[in-house]
Structures are given as C-alpha cells and as structure tokens.
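What follows is a single structure, written as structure tokens, with notes after it.
The values are calculated or read from the model by the stated rules, or taken from the named source; none is laboratory data. Not measured: the values here are computed from a predicted model. Neighbour counts run over all protein chains shown; Cβ positions are idealised from the backbone, glycine included.
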Amino acid sequence: MDISTQHKDAPDPLTRPAPAEPKRAVRGATRPGDRVFLGLSRGSGILLLVIMAAIAVFLTYRAALAISKDDGNFLTTFEWNTNILPPQFGIAVLAFGTVVSSIIAMALAVPVAVGIALFLTHYAPRRLSGPIAYVIDLLAAVPSIVYGLWGALVLVPNLNGLYGWLDQYFGWTGILSWQGGAPRSLLTVGILLAIMILPIITNVSREVFRQVPRMHEEAALALGATRWEVIRMSVLPFGRSGVISASMLGLGRALGETMAVATVLSPTFDIKASLLDPGGGTFAQNIASKFNEATEFGQDALIASGLVLFVITLVVNGAARMIINRRKEYSGANA
C-alpha cells in the first residue's frame, strides 16, 4: 500500500472528534441509602428551622401580651415590678448587666484561651500537652452550679485584695472605684464567666490550630522564621475563623448563664458607674430568680425579657458569621 495513501486515509488528529465527556453524576441521591440519608439530613435542617421559628413565635406572642400592659417604656425603665397596677418593668438594667459582664468575660478569656491552645499545639511536649488537654476537657464538663458555689465560697471572699488594688491605682477613672462591701459586682460575674467559657474556647481553638497545613509551617521555617513568626504568619491567619467561632460559642454561654451568675451577684435594678460596686443584673439571672413566684402576667414579662436575649444572641451569631465569611479568603484554608 502506498504510504501517501495510507497517510491520506488516516484521520487527521486535528479534526478528530473530541472524546465524549464522562457523564456527571446527577445531583441528588440515586441509591436507596443515599436517598434515605439525604431525606434525614434535609429533614433535620428543616426541623431545626421550624423549632427556631416556633420559639420565636411563642416568645413574641407572650411578650406582646406583657408589653401592651406596661405603663412605662420597656426598653428604658429602671424597675421591675409586675405586681402593681399599672405594672412597670423594663430591661435597661438587665441589658446593661448582660452585655457588660459578657464583654468582661470575653476580654479575659479569649486571649488566655488562644494562648493555651497555642502552647498545647506548638510549644508543650506531648507528655505534657495530653494531661493539660484532659484537664481542660474536664473543666468544660463541670456544671454551672458548681462554678457558682465555688465563686460564692472561694472567689468572692478572695477578691477584696484585687478590688482594693484596682481602686487604689485606677479608682480615679470612676469605672474601677470601690466603696467597700462584698465584691458581688459585674466584674466578679465577668471573672467567673471567663473561667467558665475558657475551656470551650480553648478546646475549639486547639483543634483548629491542629488543622494548619504542615507544609505552611515548614515553608516558614525554611525561610528562617522563628517559632513565633511561624505562628503569626501561618497559624493565626489560618485559624482566625475558627477562633472567632470558638469565641462565639463561649459568648453564647456567657450571655445565657443563669445559676452561676445568680449565686455570686447581688442583683439591683440600677446601673452603677463603677464595675466594682455591688449590683446590676442579667436577663438569665432575673428570669431564674423571679419565674417561680411570678403571676401569669409576671411570667409574660419575664418571657419578654427572654425575647430580647434571644434577639441579642441571634444578632451576635449573625455578626460572627458575617465576619467569618469576610475573612475566609485570608484564613489560608483555601491554599
């Protein structure tokens, strides 16, 4: 056979039709097990939304019944008396105490928790990091009432020295002035809440730091970076979103903590200029202390305050989700 004829009859590779692309799997489940799992997962998500919506509707309905009979402004009234006619109650003191004590707890707990997590994952030897991590896990499982009893019997009696020192050197600010008396104030509550949320933030942050790609750290070390520079350039940027999520979990517990706060706080319905003066209150503490003895209308009023706490929690978590989504491209997770 002529070679030229053979080449002429052969298909031109430039004009050869491209091979057919493999068929992509149709989105969705095809096997019975996949369909069952898909249905359960979807149903769980829908059920969660239904439960949240039902809680919101219930709180809104009962809150509307109480607010419609309130003689004052529900958002600004510095009083809680539902047994008089017309009733007067408001959340100004409760909102202030809840937010301030939670901010104090976060300011104290987050830096310490991140430091512990970094120590356990990048500094401590394995024979030491294991027992420390085990103890932290145990602290996360301690009931809140135990923290409350420890706070009332141990923490409060031993804070006089700290309060006196703060008053001596920072009392001129007015925020940290102390007039004496038992240290059952918002600062004490914030310290106790910081101890309670510390294990949660530490555990989540530790697991996040463990997921940092090893080659990121090795590349930084190969360029001559010190251990702290490796943490600053590789570990912290990668784990930023995880630390924010861990902080929000801790903040959620701080906002809703009840028994521990009720045990160490001397509740009053006024806002003190100093964080060291006894007094103040939080939403959860007020609901726990008054709900059993409240009338039906008083329960509606307490539920109205619970609705405000519900909204605050949703706003905080929504803001955290926005921060995480905006910072995701800088976290190094996509590298």
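Go through segment 287-298 and give me each residue that's more than 18 Å from residue 145 (Cβ to Cβ) and buried (at least 19 other Cβ atoms within 10 Å of the Cβ).
Listed by number, the list holds a single entry, 298.
Restricting attention to segment 33-70, which residues are assigned to a loop (DSSP other than H, G, I, E, B) and either in contact with a His (Cβ under 6 Å, 6 or more places away or on another chain) or surrounded by 12 or more Cβ atoms within 10 Å (Cβ to Cβ) (or both)?
Result: 69, 70.
Could you give me the residue pairs with C-beta distances under 8 Å whose first residue belongs to segment 28-55 and is under 30 Å from residue 309 (Cα atoms), whose second residue is among the hydrophobic types (A, V, I, L, M, F, W, C) wherever it lies, and which are 6+ apart or on separate chains?
Within 8 Å, the pairs are 55/310.
Does residue 100 satisfy the condition of being within 30 Å of residue 301 (Cβ to Cβ) and among the β-branched types (Val, Ile, Thr)?
yes
With the requirement that a residue be within 21 Å of the chain's Cα centre (by Cα), surrounded by fewer than 24 Cβ atoms within 10 Å (Cβ to Cβ) and in a helix (DSSP H, G or I), what does segment 248-286 give you?
Selection gives 248, 249, 252, 253, 255, 256, 259, 262, 284.
Name the residues in segment 90-105 that are surrounded by fewer than 24 Cβ atoms within 10 Å (Cβ to Cβ), farther than 12 Å from residue 271 by Cα and touching a Gly at 6+ places or on another chain (Cβ under 7 Å), would you?
90, 104
Among all residue pairs at least 6 apart or on different chains, which show Cβ distances below 8 Å where the first residue, located in segment 287-299, is closer than 18 Å to residue 310 by Cα and the second is among the hydroxyl-bearing types (Ser, Thr, Tyr)?
Correct list of pairs: 287/258; 287/305; 288/258.
Within segment 120-142, can you find the residues that are under 24 Å from residue 190 (Cβ atoms) and in contact with a Ser or Thr (Cβ under 8 Å, 6 or more places away or on another chain)?
Within segment 120-142, 136 is the sole residue that qualifies.
Restricting to segment 126-137, and then to whatever is touching a residue at least 40 places away in the same chain (Cβ under 8 Å) and either more than 24 Å from the chain's Cα centre (by Cα) or within 29 Å of residue 284 (Cα to Cα) (or both), can you tell me which residue is surrounded by the fewest Cβ atoms within 10 Å (Cβ to Cβ)?
137
Do the conditions hold for residue 141, that is, is it among the aliphatic types (A, V, I, L, M) and within 23 Å of the chain's Cα centre (by Cα)?
Against the criterion (among the aliphatic types (A, V, I, L, M) and within 23 Å of the chain's Cα centre (by Cα)), residue 141 qualifies.
Scan segment 143-165 for residues that are in contact (Cβ under 8 Å) with a residue 40 or more places away in the chain and either among the aliphatic types (A, V, I, L, M) or under 12 Å from residue 189 (Cα atoms) (or both) and jot them down.
Across segment 143-165, the qualifying residues are 145, 147, 148, 149, 151, 152, 155, 156.
Please state which one of 225, 335 is outside any helix (DSSP H, G or I), in contact with a helix residue (DSSP H, G or I) (Cβ under 7 Å, 6 or more places away or on another chain), at pLDDT below 85 and farther than 26 Å from residue 88 by Cα.
One residue alone meets the criteria, 225.
Do any residues in segment 82-94 that are aliphatic (A, V, I, L, M) and in a loop (DSSP other than H, G, I, E, B) have Cβ atoms under 8 Å from those of residues that are surrounded by fewer than 18 Cβ atoms within 10 Å (Cβ to Cβ) and at pLDDT below 85, where the two are at least six apart or on different chains, and which pairs are they?
Once the first residue is aliphatic (A, V, I, L, M) and in a loop (DSSP other than H, G, I, E, B) and sits in segment 82-94, its partners that are surrounded by fewer than 18 Cβ atoms within 10 Å (Cβ to Cβ) and at pLDDT below 85 give 91/75.
Condition check: closer than 30 Å to residue 204 by Cβ and aromatic (Phe, Trp, Tyr). Does residue 96 satisfy that?
yes
Among the residues of segment 200-250, which ones are in contact (Cβ under 8 Å) with a residue 12 or more places away in the chain and either on the phi > 0 side of the Ramachandran plot or of a type in the set (Ser, Thr, Tyr) (or both)?
Those that are in contact (Cβ under 8 Å) with a residue 12 or more places away in the chain and either on the phi > 0 side of the Ramachandran plot or of a type in the set (Ser, Thr, Tyr) (or both): 202, 205, 234, 241, 245, 247.
Would you confirm whether or not segment 150-161 contains a residue that is outside any helix (DSSP H, G or I) and surrounded by fewer than 17 Cβ atoms within 10 Å (Cβ to Cβ)?
no
Could you look through segment 166-194, keep only residues that are in a helix (DSSP H, G or I) and free of Cβ contacts under 8 Å to residues at least 60 places away in the same chain, and pick out the one that is surrounded by the most Cβ atoms within 10 Å (Cβ to Cβ)?
The extreme case among them is 171.
Please tell me if residue 224 is of a type outside the set (A, V, I, L, M, F, W, C) and surrounded by fewer than 13 Cβ atoms within 10 Å (Cβ to Cβ).
So residue 224 passes the test.
Select from segment 228-239 the residues that are surrounded by 19 or more Cβ atoms within 10 Å (Cβ to Cβ) and not hydroxyl-bearing (Ser, Thr, Tyr) and list them in ascending order.
230, 231, 235, 238, 239
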